[in-house]
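Step one of this worksheet: look at the structure below.
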Amino acid sequence: MKIVNIFPALLSYAVFAPLILRLALGFFILKFAKNKLDKNQASYVSFFETYGFKPARWYVIAFGALEIIIGIFIIIGLYTQIAALLAVVIFIVSLIVSHKKTLPSATPTAVYALLLIIALFLLINGAGLPALDLPL
């Protein structure tokens, strides 16, 4: 039995699939960073304090800045696999913490799981095209 692709013309655009995933993941990470550095900073500070991070405000700012760097690198495709690895760690920790305690953001656990899958894809497959990373 031969399997037929319903939309074979779309297969020529498969090279751009990682770009779409990079943009989605990068903008989500930037949104999370904005929440930490802008409107929800006080709730994140108290959240970090409950886990013993002192001074919590500094940790929130540093973590938000790290997320900005990760998000930008993923969007432009620079050091994508390293940035994706850091994103994988962030989303695994977010999933674990969201099961134990409510995070300051209202992001559902399923969103963290989906973003983790996208980050894993980019970690394994790389940035795709167009990107500043060059495949070796």
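The values are calculated or read from the model by the stated rules, or taken from the named source; none is laboratory data. Values in this document were obtained by computation on a predicted structure and should not be read as measured data. Here the Cβ positions follow ideal geometry from the backbone for every residue, glycine too, while neighbour counts run over all protein chains shown. Remember, those area values only see protein heavy atoms, side chains included, never the ligands or the DNA or RNA. Shrake-Rupley method; radii C 1.70, N 1.55, O 1.52, S 1.80 Å.
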Q) Pairs under 8 Å by beta carbon, first residue within 30 Å of residue 76 (Cα to Cα) and of a type outside the set (D, E, K, R) in segment 1-17, partner part of a loop (DSSP other than H, G, I, E, B) and open to solvent by less than 100 Å² (accessible area, probe 1.4 Å), six or more apart or different chains? A) 11/5; 15/128; 15/129; 16/128; 16/129; 17/128
Q: Residues being at pLDDT 85 or above and open to solvent by less than 30 Å² (accessible area, probe 1.4 Å): count how many of those fall in segment 98-127.
A: 8
Q: Pick out, from segment 24-129, the helices (runs of 4 or more DSSP H) lying fully within it that include 3 or more residues that are under 23 Å from residue 13 (Cβ atoms).
A: 56-76, 80-100, 109-125
(Q) Being touching a helix residue (DSSP H, G or I) at 6+ places or on another chain (Cβ under 8 Å), among the hydrophobic types (A, V, I, L, M, F, W, C) and either farther than 19 Å from residue 88 by Cβ or surrounded by fewer than 12 Cβ atoms within 10 Å (Cβ to Cβ) (or both) is the filter here; which residues of segment 49-64 pass it? (A) 53, 56, 60, 61
Q.
For the structure I just gave you, tell me whether residue 19 is touching a Pro at 6+ places or on another chain (Cβ under 9 Å), part of a helix (DSSP H, G or I) and within 20 Å of residue 132 (Cβ to Cβ).
A. yes
